[in-house]
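K.L.:
Got a structure for you, questions after.
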Amino acid sequence: MSDKRKARTVAETPTHSPVGGGPGSGSRPASEQDAPVIVSNVPGSFARGVLANRHPALIEQVRDAFPYGPRQHEALDALLDANNNGVIEPLAPSESDQELWWGWGRELFGRSWFDAPFLWAESYFYRRLLGAVGYFGAGPWQGVDPFAPFKRAELRGTAVDEELRALDALAGVPADERATALLHASVRGNRADLGFRVTEGDTAAGAAADDLVADDSPLLWQLLPAGAGATVAVVADNAGRELIPDLILIDHLLLHRHAERIVLHVKPYPYYVSDAMTADVVDCLRRLAEAPGEAGRIGSRLWDAMATGRLEVRAHPFFCAPLPYEEMPGDLRAEFAAATVTILKGDLNYRRLVGDRAWNATTPFADRTAYFPGAAAALRTLKSDVTVGLEQETLDALERSGTAWRTSGTHALIQVRG
């Protein structure tokens, strides 16, 4: 490709590619100068642990999940060695997205993975992992989700059975109490992150994430009064045990007319182990529809909502780009601008929403999301260092606790900018 092409890194000026750049993605506030981009070369940091521990463990899990042939095994070995000891190499010129990734990371190629911005390095790792197993290439493994066995095993688990049975007890409670319970279940569902459990283990990931460090839920319900004809955008995060409570919340919004129409945004291809794609939405809808009691009724209503267009699934390529939402393309910006509110689920969406930087945790959420085209609500279990919008008193108490509250998955937040 031509050297005249304007390249960028995550911390530099935006590209004008089909999935990045666009109106409103220009200069950033000076306050970002005081919040450095998070990288993975700090000993003992969460970001370093992801690259040094989680990524190698994931490569081994993917290797064992399918009867891959020698080519895939060799490519996975090469990725493991590059992640641990080598440097970042560009995609081959034959790859269809080679030019995009070259533009996003030209100045990072040839450097250690640990020296790249954390958000970019994670994203590129998953792109290389998909390439290693033949997901994009012509051949028998094309389009085969390497994470599907993990997602399906979780979806078939007894924990999901218990959670679906619990819906029967909620069926008869007043609508406002049910709404609160379902909203909190959607937030807590973010702990069901397969990538998080690769190295952190079930104990940390399974801890109840009901300790809200911020709760703007009253503002969310003010934005979505019953009968107002709202259109809601929901940007999904994980599949399986997280996506099911998200779908149940969506059903409640439609059933009680907090929304007349909901657009559910998912990933166009496998990403970050457990991230939801259209196929995962279908799997979850079937799991609901086949369940007895209230869960089955919810599944049937959602299935009908898909058929009538009240619930629509979309998969924009930007959701697999290593870019913050400040650099979303114009077509996606227009979609979010047309929504009454956009609900963004999970840790990765949060990092992209506020910027993957070492912010002071009291930095106002409204300031960090002022660029967003419309009202935005973040529902998230804390599993990475990035946090904004906390009250000083809350932050002081968390710091005094002596726990890894930012990364342990034991705290959560609901933050809304109207």
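K.L.:
Being aliphatic (A, V, I, L, M) and over 16 Å from Leu182 (Cβ atoms) is the filter here, so list the residues in region 248-290 that pass it.
P.N.:
Listed by number, the residues that qualify are Val263, Val266, Val273, Ala276, Met277, Ala279, Val281, Val282, Leu285, Ala289.
K.L.:
Quick one: in region 66-81, which of the residues that are of a type in the set (A, V, I, L, M, F, W, C) and open to solvent by less than 20 Å² (accessible area, probe 1.4 Å) is nearest to Asp385 (Cα to Cα)?
P.N.:
Among those that are of a type in the set (A, V, I, L, M, F, W, C) and open to solvent by less than 20 Å² (accessible area, probe 1.4 Å), it is Leu79.
K.L.:
Can I ask one more? Here are Thr342, Thr363: which of them is assigned by the TED database to the domain that holds Gln222, assigned to a loop (DSSP other than H, G, I, E, B) and either of a type outside the set (A, V, I, L, M, F, W, C) or in contact (Cβ under 8 Å) with a residue 24 or more places away in the chain (or both)?
P.N.:
One residue alone meets the criteria, Thr363.
K.L.:
One residue is enough: does region 250-258 have a residue meeting the conditions in contact with a Ser or Thr (Cβ under 8 Å, 6 or more places away or on another chain) and surrounded by 17 or more Cβ atoms within 10 Å (Cβ to Cβ)?
P.N.:
So far as region 250-258 goes, no, none of its residues is in contact with a Ser or Thr (Cβ under 8 Å, 6 or more places away or on another chain) and surrounded by 17 or more Cβ atoms within 10 Å (Cβ to Cβ).
K.L.:
Further question on the same structure: Any chance you could count how many residues in region 38-65 are open to solvent by 70 Å² or more (accessible area, probe 1.4 Å) and either under 21 Å from the mean Cα position of the chain (by Cα) or on the phi > 0 side of the Ramachandran plot (or both)?
P.N.:
4
K.L.:
Counting only residues that are among the basic types (Lys, Arg) and touching a Pro at 6+ places or on another chain (Cβ under 7 Å), which one in region 321-363 is nearest to Val386 (Cα to Cα)?
P.N.:
Looking at residues that are among the basic types (Lys, Arg) and touching a Pro at 6+ places or on another chain (Cβ under 7 Å), I get Arg357.
K.L.:
Further question: Quick check on my filter: what residues within region 297-316 are under 14 Å from Val282 (Cβ atoms), open to solvent by 60 Å² or more (accessible area, probe 1.4 Å) and either of a type in the set (Phe, Trp, Tyr) or part of a loop (DSSP other than H, G, I, E, B) (or both)?
P.N.:
Residue satisfying the conditions is Trp303 alone.
K.L.:
Would you check if there is a residue in region 373-385 being open to solvent by less than 20 Å² (accessible area, probe 1.4 Å), assigned by the TED database to the domain that holds Thr231 and over 23 Å from Ala236 (Cα atoms)?
P.N.:
Scanning region 373-385 turns up no residue that is open to solvent by less than 20 Å² (accessible area, probe 1.4 Å), assigned by the TED database to the domain that holds Thr231 and over 23 Å from Ala236 (Cα atoms).
K.L.:
Here is a follow-up. Need pairs with beta-carbon distance below 7 Å; first residue closer than 15 Å to Ile262 by Cα and within region 221-243, second aromatic (Phe, Trp, Tyr); sequence gap 6+ or separate chains.
P.N.:
Final answer for the pair search is Ala233/Phe336.
K.L.:
For Arg287, indicate whether it is open to solvent by 50 Å² or more (accessible area, probe 1.4 Å) and either not assigned by the TED database to the domain that holds Ala65 or not aromatic (Phe, Trp, Tyr) (or both).
P.N.:
Here the answer is no, as Arg287 does not meet what is asked.
K.L.:
Something else: Would you say Pro140 is open to solvent by 10 Å² or more (accessible area, probe 1.4 Å), assigned by the TED database to the domain that holds Arg63 and under 30 Å from Ser186 (Cα atoms)?
P.N.:
No; evaluated as a whole, the condition is false for this residue.
K.L.:
Test of understanding: among Val173, Val187, Val160, which residue is assigned to a loop (DSSP other than H, G, I, E, B) and open to solvent by less than 50 Å² (accessible area, probe 1.4 Å)?
P.N.:
Answer to the check: Val173.
K.L.:
Continuing with the same structure: Any residue at all in region 177-192 that is within 30 Å of Leu108 (Cβ to Cβ) and either out of contact with any strand residue (DSSP E or B) (no Cβ under 9 Å at 6 or more places or on another chain) or at pLDDT below 90 (or both)?
P.N.:
Within region 177-192 (the criterion being within 30 Å of Leu108 (Cβ to Cβ) and either out of contact with any strand residue (DSSP E or B) (no Cβ under 9 Å at 6 or more places or on another chain) or at pLDDT below 90 (or both)), the answer is yes, since at least one residue qualifies.
K.L.:
Within region 338-362, can you find the residues that are surrounded by 19 or more Cβ atoms within 10 Å (Cβ to Cβ), out of contact with any Leu (no Cβ under 8 Å at 6 or more places or on another chain) and of a type outside the set (A, V, I, L, M)?
P.N.:
Once the filter is applied, which keeps residues that are surrounded by 19 or more Cβ atoms within 10 Å (Cβ to Cβ), out of contact with any Leu (no Cβ under 8 Å at 6 or more places or on another chain) and of a type outside the set (A, V, I, L, M), region 338-362 yields Thr342, Asn349, Gly355, Arg357, Trp359.
K.L.:
Report yes if Leu323 is open to solvent by less than 30 Å² (accessible area, probe 1.4 Å) and assigned to a helix (DSSP H, G or I), otherwise no.
P.N.:
no
The values are calculated or read from the model by the stated rules, or taken from the named source; none is laboratory data. The structure displayed is predicted, hence computed values, not measured ones. Neighbour counts are summed over all protein chains in view; Cβ atoms, including those assigned to glycine, are modelled from backbone coordinates with ideal geometry. Side chains included, ligands, DNA and RNA excluded: accessible areas come from the protein's heavy atoms. Shrake-Rupley method; radii C 1.70, N 1.55, O 1.52, S 1.80 Å.
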